[in-house]
């Protein structure tokens, strides 16, 4: 018998719509009833181009709608290769 391990989903990439972060958040919302200990770590800096800032607002609304804010560890600062 192994000790219980928390389930965690990870995401890494710039904060852009085509990367699928909103879909990941919606999927997390669907999985929580089955896996109540499920959390996510998101490493997602705003891109220096495109609609990244507007998309951050979309993600914040999605997290609120899905009641997921307390399950998400969201790091928005840029990370160098050495920090990853």
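Every number here is computed from the coordinates shown, using simple stated rules; none is lab data. Please read all numbers here as calculations on a predicted model, not as lab measurements. Heads up, the Cβs are rebuilt from the backbone with ideal geometry, glycines too, and the neighbour counts pull from every protein chain shown.
Per-structure values
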| quantity | calculated |
| --- | --- |
| Residues within region 12-44 that are assigned to a loop (DSSP other than H, G, I, E, B) and surrounded by fewer than 12 Cβ atoms within 10 Å (Cβ to Cβ), tallied | 4 |
| Selection count where residues are farther than 16 Å from residue 11 by Cα, out of contact with any helix residue (DSSP H, G or I) (no Cβ under 7 Å at 6 or more places or on another chain) and in a loop (DSSP other than H, G, I, E, B), scope region 52-77 | 1 |
| Condition met for residue 9 (surrounded by 13 or more Cβ atoms within 10 Å (Cβ to Cβ) and in contact with a strand residue (DSSP E or B) (Cβ under 6 Å, 6 or more places away or on another chain)) | yes |
| Subset tally (residues that are in contact with a strand residue (DSSP E or B) (Cβ under 9 Å, 6 or more places away or on another chain) and over 21 Å from residue 79 (Cβ atoms)) for region 13-33 | 3 |
